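I have placed the structure first, in the form of structure tokens, so that the comments after it can refer back to it.
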Amino acid sequence: MSETRSDGELLRAVAADADRRAFEELYRRYAPWLRARLRGRCADLGVVDDVVQETFLAVWRGMARYREEGDVAGWLWRIGSRRLVDALRGDGARGRLRQALARLRHRDEVSAEERVLAGVEHGDLAGALVRLSPELRAVLQATVIDGLTTREAAVLLGIPPGTVKTRAMRARKQLREALA
């Protein structure tokens, strides 16, 4: 029976020896997780699948190097989320048209999230969230909605963990005040 290698061992084997088995094991461990996380940010499954493939190709080709700081999931999430942003930005005129149409559609259509927010009994949560600064909303998105740890959110957002904690405290305080 073969011994299960750690994430760090797999990444070192991929980087040093182009070990295909190590790469396949890493892919099996994290591709479904990354795909599910990216689907929360993008409804186009084709784009999500492309981004997952591009993320792992970057790892295979050595374009993304793991520095053994933090966990592998956070590192892959940072690569994947940046590639998703690049894919959405780089979609050209057709992508901009699709985004404009999506915004128009969403004006008329109430999402499930909006219905839940509208049903909050004590205060206007949706309004309070909209009034938060983009930085505070990003921290809430990463830590509350995406369920990332402080360290993972710091990697994703490119800010120190202490800043994540401070912004999360400020966001909670502002929400409490707005809903009181």
> Where residues in the range 148-180 are open to solvent by 50 Å² or more (accessible area, probe 1.4 Å) and of a type in the set (A, V, I, L, M), which of them is modelled with the highest pLDDT?
Replying inline: 169
>> For the range 136-146, give me the residue count where each residue is free of Cβ contacts under 8 Å to residues at least 40 places away in the same chain and open to solvent by less than 50 Å² (accessible area, probe 1.4 Å).
In response: 6
> With the range 125-180 as the region, which helices (runs of 4 or more DSSP H) entirely inside it contain at least 2 residues that are among the small types (Gly, Ala, Ser)?
Replying inline: 125-131, 150-157, 161-179
> Given (1) at pLDDT 85 or above; (2) crowded, with 19+ Cβ neighbours inside 10 Å; (3) not basic (Lys, Arg), where does residue 33 come up short, assuming only one miss?
Replying inline: (2)
> Out of the residues in the range 11-30 that are in a helix (DSSP H, G or I), more than 24 Å from residue 153 (Cβ to Cβ) and of a type in the set (A, V, I, L, M), which is most open to solvent (accessible area, probe 1.4 Å)?
Replying inline: 16
> Hey, residue 55 hits all of (1) hydroxyl-bearing (Ser, Thr, Tyr); (2) open to solvent by 40 Å² or more (accessible area, probe 1.4 Å); (3) not in a loop (DSSP other than H, G, I, E, B) but one; which does it fall short on?
Replying inline: (2)
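The values are calculated or read from the model by the stated rules, or taken from the named source; none is laboratory data. Predicted model, so just to flag it, every value in this text is computed and none were measured. So basically every Cβ, Gly included, is an ideal-geometry build from the backbone, and we count neighbours across all protein chains shown. Each accessible area value is taken on the protein alone, full model and side chains, heavy atoms only, with ligands, DNA and RNA left out. Shrake-Rupley method; radii C 1.70, N 1.55, O 1.52, S 1.80 Å.
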